[in-house]
Amino acid sequence: MGLVKVASVSEVKADSVNEVMVGDTPYAICNVGGNITALYGICPHRGGPLGQGTLHGQFVVCPWHAWEWNCATGENDMDPSQKVATCEVKVEGGDVFLNLPA
């Protein structure tokens with residue numbers, strides 16, 4: 001699939017998380033202190049929508065059961081062996097792109 005535009009930088013407010021869809025797949029776009037990262041948007045705990053969560057420091061908090069996932073690494077705050085898949089983000093010309101596998 002390659003680079004897919006998912007948002008403009010102005011839509012990804014500082015210290016926030018946004019849900020974006022690429023086809024039927026949700027992603028959580030995090031902006032932690034100006035650093036934009038992306039995670040697969042489904043919490044592995046019970047399937048909660050991570051992009052509809054909130055930020056707690058560098059972690060996105062699932063809105064269903066408050067499990068926390070590191071926005072940059074995908075690691076769970078309590079058990080780093082549990083992870084959510086991350087996506088490479090490219091910011092170019094005011095746009096946010098995800099680099100998705102073919």
Out of Met1, Met21, sole residue that is at pLDDT below 95 and either hydrophobic (A, V, I, L, M, F, W, C) or surrounded by 14 or more Cβ atoms within 10 Å (Cβ to Cβ) (or both): Met1
Count of residues meeting criterion [under 17 Å from Gly57 (Cβ atoms) and of a type in the set (Asp, Glu)] in the stretch 4-20: 1
Pair list, Cβ < 9 Å and 6+ apart or interchain, from the stretch 1-15 residues that are within 13 Å of Cys30 (Cβ to Cβ) to residues that are outside any helix (DSSP H, G or I) and hydroxyl-bearing (Ser, Thr, Tyr): Val6/Tyr27
Odd one out for Gly53 among (1) of a type in the set (Gly, Ala, Ser); (2) surrounded by 13 or more Cβ atoms within 10 Å (Cβ to Cβ); (3) closer than 22 Å to Val4 by Cα: (3)
Verdict on Val60 being out of contact with any Leu (no Cβ under 8 Å at 6 or more places or on another chain) and either in a strand (DSSP E or B) or surrounded by 15 or more Cβ atoms within 10 Å (Cβ to Cβ) (or both): no
Single residue of Glu75, Glu92 found to be of a type in the set (Asp, Glu) and in contact with a strand residue (DSSP E or B) (Cβ under 8 Å, 6 or more places away or on another chain): Glu75
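The values are calculated or read from the model by the stated rules, or taken from the named source; none is laboratory data. Note that this is a predicted model, so its numbers are computed, not measured. Virtual Cβ from ideal backbone geometry, glycine too; neighbours counted across all protein chains shown.
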